[in-house]
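The values are calculated or read from the model by the stated rules, or taken from the named source; none is laboratory data. This one's a predicted model, so the numbers in the text were calculated from it and none came from an experiment. Glycine gets a Cβ as well: all are built from the backbone with ideal geometry, and neighbour counts include every protein chain shown.
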Amino acid sequence: MIRRILVLAVLGGVLAACGFQPLYKAPSGAKQAVSVQRMAAIDIPPIRDRSGQILRNELRDQLLPRGRAARAAYRLDVALTETQADLAILKDATSTFSRYTADIKWVLTDLATDAPVLRGDNRRITSFPIAESEFASLEAEKDARERAMVLLAEDVRLRLALFFERGS
């Protein structure tokens, strides 16, 4: 038991000494972390198509959990492309499984200088079964699309938070 406590104490000391700090925790005396403050000042223009609407809403939920700042300092432009491919094709040429791929290219622009400050691209691949019921297949496809959009928004949020915490 004493060994376990000693090991935990040593690991805690090593972790504190390595410069580790939580990404979203505010430093002492501050109301919010720098990344949270800066992300609240991002404007996200509409993204085309239904998947774009889902992605934009997810980005807004993840980047602006406490609401937008009074004035936007940045703009996040996102271009989305989607593909779908059948994977498991039977002898009678019917498919039983499909793959959904979503690719985004995004640019964070500083509105004061109108210059891009960060660019990125992300890809998420999800899959879904194709059932005999058309309704079940459509719902499975919809779920795969929504899962991909949530994961893409998380990827963008993490990249932006790291960018802002490192001092842009």
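Below are the figures for this structure:
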{"read-out": "Condition broken by Glu146, with the remaining ones in (1) touching a helix residue (DSSP H, G or I) at 6+ places or on another chain (Cβ under 9 Å); (2) part of a strand (DSSP E or B) satisfied", "value": "(2)"}
{"read-out": "Given (1) touching a helix residue (DSSP H, G or I) at 6+ places or on another chain (Cβ under 8 Å); (2) not in a helix (DSSP H, G or I), index of the condition Leu160 fails", "value": "(2)"}
{"read-out": "Failed criterion for Ala131 (all others in (1) of a type in the set (Gly, Ala, Ser); (2) assigned to a strand (DSSP E or B); (3) surrounded by fewer than 17 Cβ atoms within 10 Å (Cβ to Cβ) hold)", "value": "(2)"}
{"read-out": "Meets criteria (β-branched (Val, Ile, Thr), at pLDDT below 75 and either loosely packed, with under 11 Cβ neighbours inside 10 Å or on the phi < 0 side of the Ramachandran plot (or both)) for Val34", "value": "yes"}
{"read-out": "Residues of the range 103-144 that turn out to be in contact (Cβ under 8 Å) with a residue 12 or more places away in the chain and not aliphatic (A, V, I, L, M), as a count", "value": "17"}
{"read-out": "Residues within the range 84-98 that are at pLDDT 80 or above and touching a Leu at 6+ places or on another chain (Cβ under 7 Å), tallied", "value": "2"}
{"read-out": "Selection within the range 62-79 - closer than 16 Å to Arg159 by Cα and of a type in the set (D, E, K, R)", "value": "Arg75, Asp77"}
{"read-out": "One residue from Thr101, Thr109, Thr81 being surrounded by fewer than 13 Cβ atoms within 10 Å (Cβ to Cβ), at pLDDT 95 or above and assigned to a strand (DSSP E or B)", "value": "Thr81"}
{"read-out": "Meets criteria (surrounded by 14 or more Cβ atoms within 10 Å (Cβ to Cβ) and not in a helix (DSSP H, G or I)) for Ser137", "value": "no"}
